[in-house]
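Below: the structure, in structure tokens.
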Amino acid sequence: MIQLTGAGLTTMLNQVDPSQHQALLASGPAGALGILPTAQLNSVAEAALDMALGETPTVPTQEATTAATGEVVPDAKIVGRSENPSTHILVHNMFDKDEETEQGWEEDIKLDFEEECSQYGKIFSVLVMSKEPGGKIYASFDSVDSATNCAKALAGRWFDKRQLRVEFVDSVPN
């Protein structure tokens with residue numbers, strides 16, 4: 001049986017199909033060493049079990065499953081729908097509507113967002129979804145390149161103790 005510490009983990013990773021090494025390397029320096037975020041540890045454990053049973057181990061993907069809900073949660077550093085970019089992005093987790101108490105907070109966060117994101121291109125509009133859960137902000141840019149640069153810069157970034165998730169959308173709500 002292979003232990004999941006030190007040389008045992010290295011041995012396990014060396015037995016992974018070389019074509020799947022990219023999935024590990026994509027998770028950054030820690031992933032290249034086989035050190036994965038907590039959400040991916042279950043996948044590593046499953047791979048170790050596969051090896052112990054003589055089966056081909058599976059590599060953790062960029063998606064992890066939450067233990068409580070079984071819901072698939074994408075890696076926050078990956079921009080959603082990046083295979084089909086548009087001039088519109090949706091940023092999740094920018095705020096918690098239930099924690100915002102200051103008068104006019106919606107306008108403050110909109111201005112902060114515009115200031116930060118304008119370095120990536122011209123912004124046509126920003127919509128703060130202040131009444132909905134999820135801390136959502138929509139933004140429309142002058143070009144797909146501007147939206148892409150902004151999305152890549154924000155995806156996975158931490159803002160006020162929350163990790164941002166970004167995805168491309170077809171349009172912005174009215």
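The values are calculated or read from the model by the stated rules, or taken from the named source; none is laboratory data. These numbers come from a predicted model, not from an experiment. Virtual Cβ from ideal backbone geometry, glycine too; neighbours counted across all protein chains shown. Ligands, DNA and RNA are excluded from the accessible area calculation, which covers all protein heavy atoms including side chains. Shrake-Rupley method; radii C 1.70, N 1.55, O 1.52, S 1.80 Å.
Listed values, structure above:
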| read-out | value |
| --- | --- |
| Reach of Lys97 by Cα under 20 Å, taken over lysines that are not fewer than 8 positions away in the same chain | Lys110, Lys131, Lys136, Lys161 |
| In the range 76-107, GluC sites (Glu not before Pro) in a DSSP loop with at most 10 other beta-carbon atoms within 10 Å | Glu83, Glu99, Glu102 |
| Residue-span extension gain [Gln119 to Val172] - 0.36 nm each, minus C-alpha spacing | 17.0 nm |
| Per-residue SASA entry for Arg165, accessible area with 1.4 Å probe, Å² rounded to 10 | 80 |
| Cα-based Rg / Dmax (Å) for the range 84-174 | 12.2, 38 |
| Rg/Rh for the range 106-159, where both radii come from Cα atoms and Rh is the Kirkwood radius | 0.95 |
| Spin-label model distance (nm) - Glu83 vs Leu111, 7 Å beyond Cα toward Cβ | 4.2 |
